[in-house]
Amino acid sequence: WNPAGLSSMNQNEVRFQNAQLYEETSLNSFGFAVPGSRWPSLGVAMVSLGSGAFGRTDELNDPLGTFREGETAWLLTAAKSLTPGLSLGANFKLVQQTVESFSTNGFGMDLGVQAQLAPSLRVGASVMNVGGPKLMLRDVEEAYPTQIRGGAALTVGVAALAGVGGARCDGAR
């Protein structure tokens with residue numbers, strides 16, 4: 001996700017997602033965003049991944065019941081168009097992780113830029129996990145790796161596609 005993309009919204013958006021995966025694992029998310037003009041576009045989102053039950057055993061592999069694992073990220077996003085063709089954005093995130101009876105929190109940030117190079121061509125780049133989050137359940141700290149991502153979007157006109165399809169249909173008669 002590139003947080004700068006939030007600035008290209010033109011109406012409020014709400015998103016829900018639920019995916020039931022294997023072994024009772026589920027992925028759930030919720031997002032709400034409001035476009036801005038004078039003020040930045042703002043969004044809030046929650047993404048949660050939860051496991052089914054894992055078997056717990058002792059040193060002799062005797063069963064001791066079950067436990068679950070879960071991870072939730074809360075994101076607050078702000079994005080602003082600096083010019084009609086250039087926008088910047090940032091995600092501020094809180095990540096919570098729980099394994100068995102242990103839990104921890106960590107904070108991190110993502111930064112993004114998006115540029116409109118032509119009427120139908122947009123490019124973007126983002127740096128994810130700037131300065132964290134870092135989580136420590138017991139003795140070992142786990143840091144999310146910093147990632148650099150880039151991409152492009154090309155908009156193709158619907159009228160142009162309809163004309164091509166129409167010509168094909170007329171030729172098939």
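The values are calculated or read from the model by the stated rules, or taken from the named source; none is laboratory data. For clarity, every value in this text was computed on a predicted model and none was experimentally measured. Neighbour counts run over all protein chains shown; Cβ positions are idealised from the backbone, glycine included. Just the protein is used for accessible areas: all its heavy atoms, side chains included, with ligands, DNA and RNA removed. Shrake-Rupley method; radii C 1.70, N 1.55, O 1.52, S 1.80 Å.
Results, tabulated for the structure shown:
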read-out: Candidates 113, 95, 99, filtered to the one that is β-branched (Val, Ile, Thr), touching a strand residue (DSSP E or B) at 6+ places or on another chain (Cβ under 8 Å) and closer than 18 Å to residue 148 by Cα; value: 113
read-out: Residue under evaluation residue 82, criteria (1) modelled with pLDDT under 95; (2) within 27 Å of residue 109 (Cβ to Cβ); (3) open to solvent by less than 50 Å² (accessible area, probe 1.4 Å); (4) of a type outside the set (Val, Ile, Thr), criterion not met; value: (3)
read-out: Single residue of segment 13-41 satisfying the filter (polar (S, T, N, Q) and out of contact with any Pro (no Cβ under 7 Å at 6 or more places or on another chain)) that is nearest to residue 124 (Cα to Cα); value: 37
read-out: Considering residues of segment 47-64 that are charged (D, E, K, R) and assigned to a loop (DSSP other than H, G, I, E, B) only, the residue least open to solvent (accessible area, probe 1.4 Å); value: 58
read-out: Checklist (1) assigned to a strand (DSSP E or B); (2) surrounded by fewer than 17 Cβ atoms within 10 Å (Cβ to Cβ); (3) among the charged types (D, E, K, R) applied to residue 139, failing item; value: (1)
read-out: Qualifying residues in segment 111-136 (those that are in a strand (DSSP E or B) and not hydrophobic (A, V, I, L, M, F, W, C)) - the one most open to solvent (accessible area, probe 1.4 Å); value: 134
read-out: From 112, 65, 70, residue being at pLDDT below 95 and in contact with a Ser or Thr (Cβ under 7 Å, 6 or more places away or on another chain); value: 70
read-out: Considering residues of segment 88-105 that are open to solvent by 40 Å² or more (accessible area, probe 1.4 Å) and modelled with pLDDT of 90 or more only, the residue farthest from residue 47 (Cα to Cα); value: 88
read-out: Matching option when the condition is assigned to a loop (DSSP other than H, G, I, E, B) and among the polar types (S, T, N, Q), among 91, 105, 18, 10; value: 10
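Per-residue answers, yes or no, for (1) open to solvent by 90 Å² or more (accessible area, probe 1.4 Å); (2) free of Cβ contacts under 8 Å to residues at least 40 places away in the same chain; (3) under 23 Å from residue 150 (Cα atoms):
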| residue | (1), (2), (3) |
| --- | --- |
| 8 | no, no, yes |
| 11 | yes, yes, no |
| 16 | yes, yes, no |
| 19 | no, yes, no |
| 22 | yes, yes, no |
| 25 | no, yes, no |
| 40 | no, no, yes |
| 44 | no, yes, yes |
